[in-house]
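Here the structure is laid out as structure tokens; the discussion comes afterwards.
Derivation of every value follows stated rules applied to the coordinates shown; laboratory data play no part. Note that the structure is a prediction, hence the values are computed from the model and not measured.
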Amino acid sequence: MSVGLEGFGIESKMNSNELIKTKMKTESLNKSLTESGSKIKQNLDKDDFLKLLITQLQHQDPNNPMEDKEFIAQMAQFSSMEQMLNVNKSLDKLVGKFDFQSSFDLLGKKVDVVNGTGDTESQVASGVVDSVSKKGDDVFISVGGKSYLAQDVRNISY
């Protein structure tokens, strides 16, 4: 039996026993990955990009190396991606500070807070905001001695 991998520049001839052994090894590997909890990445990050670039450089044809323009373009793409990630992190920090800062406006005001999952079984708690606090990325308000997520406020009145 001939297994054609022409798209990859590989031509392989396997007899049926070799084909069955290869299939069993592949299935075994896939099963072990599933059992170990390994997950397939849906998105590539900057480390994956660098690994791909290094692998590409290691396996390039010495008689036909990568063009300077191609290499510079890939490095520019990597640099742009790095800058976008840095801007995204900075914006996340800014939004977090803004959320915390804006929650101070709730102090002394009467609020209605949804306590629950947001479905029909949710309960609404009402009262005056006593304090504002932050734990990790979450902003909390205190109403009547109980703590609620600030994002769960549904109504504000004086």
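Summarising the amide proton neighbourhood of F140: residues at separation of 5 or more, or on other chains, whose placed amide H is nearer than 5 Å comprise S133, K134, K135, A150. Legend: distances between Cα atoms for K46/K97; K89/K109; K89/K135; K69/K89; pairs beyond 22 Å are K46/K97; K89/K109; K69/K89. Computed from backbone phi, the HN-Hα couplings of the stretch 147-158 come to 9, 9, 5, 4, 5, 8, 5, 10, 8, 10, 9, 8 Hz, rounded to whole numbers (Karplus: 6.51 cos²θ - 1.76 cosθ + 1.60, θ = phi - 60°; Gly and Pro given as x).
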